[in-house]
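Engineer: Handing you this structure, nothing more for now.
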Amino acid sequence: MLKNQTYYTSKPKQNLWDNPTHAGPKTWNTFHGPRLRTDAELMERMDRAEDVNEEWEAKKAFVNTVRVQTLDRFYSKKVENEQKEMASTWAPHRRDRAEYHKYHDTLGSNLDNMPVKELKKVLTPFVLHRDREAINAITKRIHSEEKWKKLWKEMELARRAETLREMDHSRTYNAMLMELAGQQRIHLPLEPHLRCSPRVDQLARPADLKPPEDITQRTDFAGLFHVDHRHAMEARFPGSGHAMTVKFTAEATQRSRPDFLEKASDPPAQPPEVDKKAAKDMHRKLVRQASIPVSKQRLQTVSSTRREDPSALAEHSTQQFLPAAAPPPPDQGRMRLKDANAPNKLHMSLDFLKRSDTSSSLKDASPKSVNLDLSPPARPMVYPVSVPNVEEHMPMPNWRPKRSHGALAAASPKAKAAGRSGPPERWPPVGSQTVDITIVSAAGLPKAGRKGCSDPQVIVEVPGKSRSTVKTSVASHTESPVWNEPLVVQGWRRGEPLAISVVDAEVMGGDDQLAAIQ
């Protein structure tokens, strides 16, 4: 049977149920019913309008999400730049040592860049135990050498003192013989400091032995894990590896000194146990909690899984333990997956299923709601680092970096009109927090109006910061007002009070205070 002209539809974008050639079990009656049999064009227009509306809502959600992400990224970058301007040093990017020279392209040189999974295969407990034994053996030999150096120095000092005594004795005896023979001469003192400057006398005296500050910097300890691969030890034991190696090398330096007395009861140093809960709490405390300048209603329309929340970043961050060196990257299993923002309706839709639920719901979902060509999530090239806040240790927390640019340093026309000079004060100040307050109601207020009734209004502010003032609406002619209004107070720091006052809003004249509390 040949497919004739009636098999193919002539009009584009026409449903198959309108063509009698393709009539089957799911016809036009199945979709629309018998009531609207004569109004198929209306139903088709409504279906297309729903599709367009759904696509428009998805695009709007996608645009709002990208805008919030952009504001969040810009604000975080601004805070980071201010922290770098206030801080003396910050950690640069840590590069592989093999990039500098091919001499470092060895197994030992690449330990600091290995992932944790491979480090566990190399830095086994037996290897670390033998490494500590090697450090103890080298330290014991250096202690013996330093002890002999000290004894040799003491012998030289004793020999010098004895030589000086013999010379003094011989000169005294010769002077006595000359006095008995009647040939008395001028007796010159033996001490040389009377015939030279104090500086020459200080240089002529024997120098004392200086104890080494860090004995592990010698070439005898080159290549050992506890000395040359502290980043690898930190990656192997997160949160305690670097501190353990520093403590162990400090003990080795103390044991290498000649005046150190060995004790048989001292146990050997062992890697400490890692408290994961305490480390996670420490990361949460170190991560800076910054709020972006977006209203709460707008943030509620954006899915929380698409924003980089500081609390979520704290779970995937690693703590920086050196002021000028980047910490080792965290385990790949702890790295946060990042989905690509594909410009399709599925990614832009708020009903997008999570990746963990996509595989289980593929059977139940329709072919139009699931895209099988989704790109897999990629591992990010960078990882978050938790560092202590700079402003906590500053004597002046409100200090800001000076702007050398003339346009930034000059005062604005509004500031000049108000009598202020210089750039305006930053608001909200860095390090402050945002407080959400809900004003519910009040009762038992006095009557303060001219007409015998009050028009109460609540004012909330941080004392001393006029820009933090927020107000509720005015409740007319009542002494028991009910507001139920949420307020947002900016510029509050931990430890500062909040002043909440109820005033009688007057149209003419000043407001009368009805009640106040802090």
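Engineer: Across the stretch 93-117, what is the number of residues that are under 30 Å from the mean Cα position of the chain (by Cα) and open to solvent by 70 Å² or more (accessible area, probe 1.4 Å)?
Structural biologist: Counting residues in the stretch 93-117 that are under 30 Å from the mean Cα position of the chain (by Cα) and open to solvent by 70 Å² or more (accessible area, probe 1.4 Å) gives 7.
Engineer: Out of the residues in the stretch 56-89 that are within 20 Å of the chain's Cα centre (by Cα) and either in a loop (DSSP other than H, G, I, E, B) or acidic (Asp, Glu) (or both), state the one that is surrounded by the most Cβ atoms within 10 Å (Cβ to Cβ).
Structural biologist: Out of the qualifying residues, it is Asp72.
Condition check ((1) outside any strand (DSSP E or B); (2) modelled with pLDDT of 90 or more) across all residues:
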position	(1), (2)
Ala475	yes, no
Ser480	yes, no
Trp483	no, yes
Pro486	no, yes
Gly491	no, no
Gly495	yes, no
Ile500	no, yes
Val507	yes, no
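Engineer: For the stretch 453-469, what are the residues that are crowded, with 16+ Cβ neighbours inside 10 Å and under 14 Å from Val503 (Cβ atoms)?
Structural biologist: If the condition is that a residue be crowded, with 16+ Cβ neighbours inside 10 Å and under 14 Å from Val503 (Cβ atoms), then Ser454, Asp455, Pro456, Gln457, Val458, Ile459, Val460, Glu461 are the ones that fit.
Engineer: Could you please find all residues in the stretch 429-452 being part of a loop (DSSP other than H, G, I, E, B) and either modelled with pLDDT of 80 or more or open to solvent by 60 Å² or more (accessible area, probe 1.4 Å) (or both)?
Structural biologist: Let us first name the residues in the stretch 429-452 that are part of a loop (DSSP other than H, G, I, E, B), namely 429-432, 442-452.
Across the stretch 429-452, the qualifying residues are Pro429, Ser432, Ala442, Ala443, Gly444, Leu445, Pro446, Lys447, Arg450, Lys451.
Engineer: Going by the structure shown, is Asp504 among the charged types (D, E, K, R), farther than 30 Å from Lys84 by Cβ and in contact with a Gly (Cβ under 7 Å, 6 or more places away or on another chain)?
Structural biologist: Criteria met by Asp504.
Engineer: Counting only residues that are open to solvent by less than 40 Å² (accessible area, probe 1.4 Å), within 26 Å of Pro323 (Cβ to Cβ) and in contact (Cβ under 8 Å) with a residue 40 or more places away in the chain, give me the helices (runs of 4 or more DSSP H) lying completely in the stretch 197-266 with at least 2 of them.
Structural biologist: 225-228, 230-236, 241-255
The values are calculated or read from the model by the stated rules, or taken from the named source; none is laboratory data. All values derive from a computational prediction rather than experimental measurement. Cβ coordinates were reconstructed from backbone atoms using ideal geometry, including for glycine residues, and neighbour counts include every protein chain displayed. Just the protein is used for accessible areas: all its heavy atoms, side chains included, with ligands, DNA and RNA removed. Shrake-Rupley method; radii C 1.70, N 1.55, O 1.52, S 1.80 Å.
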